[in-house]
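Have a look at the structure below before the remarks.
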Amino acid sequence: MTLSARVPFVVPSFRLPRWVAGFLESRIGGRRLRSQEMRMELAIALARENGRRGSGGPFGAAVFERDTGRLVAVGVNVVVASGLSLAHAEMLALSFAQRARGHFDLGDPASPVHELVSSSEPCAMCFGAIPWSGVRRLVCGARARDAQAIGFDEGPKPARWVAALERRGIAVVRDVHRPEARAALRDYAGPLY
């Protein structure tokens, strides 16, 4: 057997679960979400629904045009369904946003300023992707320790990760609707949390 027959040269493309499109239509339609609280409510609702439906872990994320509230893309955790460890909600939301914009850099000066809203603080992998994505703002719900409390491995992240992002010109807002974000994690974990 040749090497090319044993080694895959194509990674399957990512797909969000089928329920996401209808969920977004019923939840927001075409309206813009003007406040960070409204945007976080969407990310948490995605996380909760993803866990409830069994399509992935209890994590949701969305990329918005920061100033207009226009939704650009969403992501939910599909690690198990895709068989790929990098299929985190933030990674997918950023990837789909870049695809929608037709450019790998969401910080392109010709584009609107983008923000990533995530139901939970980023793990080590997602933290590493954020500066390269071009977003200029990160809004988080649950803390990393909340995800760790129900068994998720968030990986090694710098102790001063917020300051590291801010030095790169990325504003960080934490604890937006944290009780609701924690509840989504708790509901997924059941009575163990």
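Looking at segment 117-142 only, could you name the residues that are in contact with a His (Cβ under 6 Å, 6 or more places away or on another chain) and either within 14 Å of G169 (Cα to Cα) or surrounded by fewer than 18 Cβ atoms within 10 Å (Cβ to Cβ) (or both)?
Going residue by residue through segment 117-142, those that are in contact with a His (Cβ under 6 Å, 6 or more places away or on another chain) are 126, 135, 141.
V135 - this is the single residue of segment 117-142 that is in contact with a His (Cβ under 6 Å, 6 or more places away or on another chain) and either within 14 Å of G169 (Cα to Cα) or surrounded by fewer than 18 Cβ atoms within 10 Å (Cβ to Cβ) (or both).
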Which one is surrounded by the fewest Cβ atoms within 10 Å (Cβ to Cβ) among residues in segment 162-181 that are out of contact with any Lys or Arg (no Cβ under 8 Å at 6 or more places or on another chain) and touching a residue at least 40 places away in the same chain (Cβ under 8 Å)? E180
Criterion (among the aromatic types (F, W, Y) and under 21 Å from V20 (Cβ atoms)) met by exactly one of F96, F127: F96
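Can you find a residue that is outside any strand (DSSP E or B), at pLDDT 95 or above and crowded, with 24+ Cβ neighbours inside 10 Å anywhere in segment 61-77?
Restricting attention to segment 61-77, the residues satisfying the condition of being outside any strand (DSSP E or B) are 66-70, 77.
Going one step further and asking which of them are at pLDDT 95 or above, we end up with 66-70, 77.
Filter once more, so that each one left must be crowded, with 24+ Cβ neighbours inside 10 Å: 77.
Yes, that holds for at least one residue.
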Return the residues of segment 78-98 that are modelled with pLDDT under 95 and among the aromatic types (F, W, Y); say none if nothing qualifies. none
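Please work out if G155 is in a loop (DSSP other than H, G, I, E, B), touching a Lys or Arg at 6+ places or on another chain (Cβ under 9 Å) and of a type outside the set (A, V, I, L, M). Please lay out each step first, then the result.
On the way: in a loop (DSSP other than H, G, I, E, B): yes; touching a Lys or Arg at 6+ places or on another chain (Cβ under 9 Å): no; of a type outside the set (A, V, I, L, M): yes.
Taking the combined requirement at face value, the residue does not satisfy it.
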Looking at segment 43-65, I want the residues that are touching a residue at least 12 places away in the same chain (Cβ under 8 Å) and closer than 14 Å to L24 by Cβ and have a partner that is part of a helix (DSSP H, G or I) and of a type in the set (V, I, T) with Cβ atoms under 7 Å, at least 6 apart or on another chain. Which pairs are those? G60/I44
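Given the residues V72, V113, V63, which is the only one that is closer than 21 Å to E180 by Cα, in contact with a strand residue (DSSP E or B) (Cβ under 8 Å, 6 or more places away or on another chain) and among the hydrophobic types (A, V, I, L, M, F, W, C)?
On the way: V72 fails: closer than 21 Å to E180 by Cα; V113 fails: closer than 21 Å to E180 by Cα.
None of the other options fit; the residue is V63.
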Condition check: in contact with a helix residue (DSSP H, G or I) (Cβ under 8 Å, 6 or more places away or on another chain) and under 22 Å from R70 (Cα atoms). Does V113 satisfy that? no
Residue check, L33 touching a Gly at 6+ places or on another chain (Cβ under 7 Å) and farther than 23 Å from A147 by Cβ: yes
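Residues to consider are S55, S85; find the one that is closer than 15 Å to P122 by Cβ and surrounded by fewer than 23 Cβ atoms within 10 Å (Cβ to Cβ). Steps first, please.
Details: S55 fails: closer than 15 Å to P122 by Cβ.
Only one candidate passes the filter, namely S85.
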Cβ-Cβ under 7 Å pairs, at least 6 apart or on other chains, segment 23-37 side closer than 14 Å to V63 by Cβ, far side among the basic types (K, R): R32/R70; L33/R39
Taking the condition in a strand (DSSP E or B) and either over 15 Å from the mean Cα position of the chain (by Cα) or modelled with pLDDT of 95 or more (or both), does E166 pass? no
Kindly evaluate V135 against the criterion of being under 16 Å from V74 (Cα atoms) and either at pLDDT below 95 or in a loop (DSSP other than H, G, I, E, B) (or both). yes
Counting just the residues of segment 99-116 that are hydrophobic (A, V, I, L, M, F, W, C) and surrounded by fewer than 18 Cβ atoms within 10 Å (Cβ to Cβ), which one comes out farthest from V63 (Cα to Cα)? A110
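The values are calculated or read from the model by the stated rules, or taken from the named source; none is laboratory data. Please read all numbers here as calculations on a predicted model, not as lab measurements. Because the Cβ atoms are built from the backbone with ideal geometry, glycine has one as well, and the counts that use them run over all protein chains shown.
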